[in-house]
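Report on the structure given below.
Coordinate-derived values only; no laboratory data. Please read all numbers here as calculations on a predicted model, not as lab measurements. Note: ideal-geometry Cβ built from the backbone for every residue, glycine included; neighbour counts use all protein chains shown.
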Amino acid sequence: MEASGKFFAFLILLLLLPVARASPEKVDVGLYLLDISKYDIRTGEFTADFYLDFKCSENCSPEGFEFMNGRATTSDLAINNSNEKFYRIQGTFGSRVNMTNYPFDMQTVQIILEDKLKTKDQLIYLALANESGMDDHKNFPGWEIKNWTVAVDGHYYPPYDETYSRYTFSIDIERVILSALLKTFVPLFFIILIALASMFLSPNEMGFRITIGGSTLVTTVLLHLNMLSEIPPTPYLTFTDKFMFANYSILLLCFLVNIAVQELKMRGRKKEVETVQRYTELSVLLVPFVYVLLFYLLL
């Protein structure tokens, strides 16, 4: 009886002991980008062509991965060993866009992957930095690729109370400044130059001055609308928006000065007309410095 009691006590003790969890699989992940293209700033979508390498110190099964911000259009398995899976993948992905400094904006495009079924308790990704990077012969028109980084963290899903290991390959890109200047600010420069040059006309040509001022204001609005059609709607003002509002203010001020001069002329107050005209011409000469200050404050 005493032996039986000890046996049952031992069984109860085993049941009360916590069950040791199996250690999670540790998978090294390397991503080597071959090419990136077709970046759409309105949606944040882009296409990427890259190698994806999974390595383990022992037998593992990392092939159940999925991309969290896109889909693979082609996936070719080149190496299929018990401790390594090597893919050539082409796909379409999407990332958030930040248009605050448009058209001098920098964006971050990402390729994000997780396992479909295995939580962080079952599988952990590790960044294989020495086998990650970008090819030197990649072509990305309109953008300059500045840097790339890899990161691994845990992504928690509150509805399921589960955390999955997440691998993120990030690429920092910057819009080509020369292209931004030629497409956005050179046309605007000539529009404003025409409006300001009209202020040097004689007050006797006030009809022409008012016509030019009104035409340039309308043209500036149309140019701004064309710029807005190339970017997604944003709940904040971009650099271009702020700069264009400053231009509206300058053009509106020129328009109001012309009306004021016309009113003084109609009342026969020639001395005041000459005074306003003199100060107007001096003010126009200060406008380039105003633009330099605007770039410094708004960027």
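Of the options THR219, PRO232, MET206, report the single residue whose Cα projects farthest towards the positive end of the charge dipole of the chain (beta-carbon charges: Lys, Arg +1; Asp, Glu -1). It is MET206, whose Cα lies furthest towards the positive end.
Using 0.36 nm per residue and subtracting the Cα-Cα separation, the extra length available between ASN80 and THR211 on full extension is 39.8 nm.
Other residues within the sphere of radius under 15 Å centred on the Cβ of HIS155, judged by their own Cβ, net out at -3 (K and R +1, D and E -1). Every Cα-Cα pair in the chain was counted, and those over 26 Å apart are 63% of them.
Mind checking which of SER57, VAL150, TYR291 is farthest towards the positive end of the chain's charge dipole, using Cβ charges of +1 (Lys, Arg) and -1 (Asp, Glu) about the Cα centre? It is TYR291. Volume per residue of the convex hull around the Cα atoms, evaluated for segment 22-175, comes out as 117 Å³.
Shown for the chain: cysteine residues without a partner Cβ closer than 4.7 Å, namely CYS254. Taking the chain as a Gaussian network of alpha-carbon nodes connected by springs under 10 Å, the highest mean-square fluctuation of the residues THR234, THR92, THR216 belongs to THR234. Available extension along the chain between LEU252 and VAL218 is 11.2 nm, counting 0.36 nm per residue and deducting the alpha carbon span. Counting Lys and Arg as +1 and Asp and Glu as -1 over every other residue whose Cβ lies under 12 Å from the Cβ of THR238, the net charge comes to -2. Residue order for LEU282, LEU33, fewest other beta carbons within 10 angstrom first, comes to LEU282, LEU33. Between TYR157 and LEU237, the modelled labels are 4.2 nm apart [label points 7 Å from Cα along Cα→Cβ].
Charge tally for LYS85 (other residues, Cβ to Cβ under 10 Å; Lys, Arg +1; Asp, Glu -1): -2.
The string of couplings for segment 220-227 from the Karplus curve (6.51, -1.76, 1.60, θ = phi - 60°) is 5, 4, 5, 5, 5, 4, 5, 5 Hz, one whole number per residue in order, with x for Gly and Pro. Excluding the site residues themselves, the longest part of the chain lacking any chymotrypsin sites (Phe, Trp or Tyr not before Pro) in a DSSP loop with at most 12 other Cβ atoms within 10 Å is 1-159.
In the chain, the DSSP-assigned H stretches of four residues or longer account for a calculated mean residue ellipticity at 222 nm of -12500 deg cm²/dmol, using -39500 (n - 2.57) per stretch and the full residue count as denominator.
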